[in-house]
Amino acid sequence: MAGAAEHGPSRRGKPRPPRDVFRAAPESRDVWGMLPPSVLEAIARCDAERLEVERSRVAPHLREKITSPAYSVADRFASWERLVRRMEPGRSSDEFYPISAYDNDLDSRDALDEVMNALPAEAGEGALGQLLARLDARFRAVTVPDPERSLRPWVRPTNERPEEELGEWWKRRPVRVPWAE
């Protein structure tokens, strides 16, 4: 179950290995290892707020079983990095990647803007802000402008907003389509 305890028994009673948030996201893992305590504390506050949102959306008997947010700040950075890596030339993945995952990853990128605005300035100016800028640049390098919004029938933001308020990632399309592999 997403967001459930990071380890413990599975539905079949077998022990589950700890969940690796940074699976296939080595740059995010490296940056996390060098973040100053003040930024990590601010991230923990963002994650605590997110956990409460996620808990509020489930039945009462399930709330206490959810001990970490499915959409933590680390998860969102790792998702963005994994998407970028998946679309880069010479990269391949054996994992199935449906088009619905693409708009979920774009929604996660939207959330990163909100998170970065909520974090102290040192986060945006430091390693975390630099990571996001690098990932965004790499995303632009593997996508092209899509003024026709050719993906819009399949890829739509969760939060309805006017087109001009959407992040640039919603207005681009992959050169190498990750869901067609």
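Before moving on, here are some points about what is shown:
- For the stretch 121-181, fraction of C-alpha pairs farther apart than 19 Å, in %: 43 percent
- Counting only DSSP H runs of at least 4 residues, each contributing -39500 (n - 2.57), and dividing by the residue count of the chain, the helix-based mean residue ellipticity at 222 nm comes to -15000 deg cm²/dmol.
- Applying 1/(1 + (r/R0)^6) with R0 = 25 Å to the Cβ-Cβ distance of residue 122 and residue 52 gives a FRET efficiency near 0.50.
- Cα principal axis extents for the stretch 51-138, largest first, Å: 46, 37, 17
- Calculated diffusion of the stretch 111-152, Stokes-Einstein form, Kirkwood radius summed over Cα pairs, 37 °C and 0.692 mPa s, µm²/s: 276 µm²/s
- Extension gain, residue 38-residue 161: 0.36 nm per intervening residue step, less the Cα-Cα distance, totals 41.0 nm.
- Axial C-alpha extent at least 20 Å, average Kyte-Doolittle at least 0.0 - helices from the chain (DSSP): 127-141
- Under 5 Å from the amide H of residue 172 lie the amide H atoms of 146, each residue being 5 or more positions distant or on a separate chain, with H modelled from the backbone and absent for Pro and chain starts.
- Heavy-atom accessible area order for 65, 171, largest first, 1.4 Å probe: 65, 171
- Three semi-axes describe the equivalent ellipsoid of the chain; taken as square roots of 5 times the Cα gyration tensor eigenvalues and ordered largest first, they are 27, 21, 18 Å.
- Taking 7 Å steps out from each Cα toward its Cβ at residue 175 and residue 104 produces label points 2.7 nm apart.
- Accessible surface ranking that places the most exposed of 170, 179 first, with a 1.4 angstrom probe: 179, 170
- Ranking 116, 34 by solvent-accessible area of protein heavy atoms (1.4 Å probe, all protein chains present), from largest to smallest, gives 34, 116.
- Per-residue SASA entry for residue 56, accessible area with 1.4 Å probe, Å² rounded to 10: 80 Å²
- Nearest-20 debye value, the chain charge dipole, Cβ charges on Lys, Arg, Asp, Glu: 840 debye
- Dipole-positive endmost among 127, 28, 90 within the chain (Cβ charges, Cα centre): 90
The values are calculated or read from the model by the stated rules, or taken from the named source; none is laboratory data. For clarity, every value in this text was computed on a predicted model and none was experimentally measured. Don't worry about glycine lacking a Cβ; one is built from the backbone with ideal geometry, like all the others, and counts go over all protein chains shown. Side chains are part of the model used for accessible areas, which takes the heavy atoms of the whole protein and leaves out ligands, DNA and RNA. Shrake-Rupley method; radii C 1.70, N 1.55, O 1.52, S 1.80 Å.
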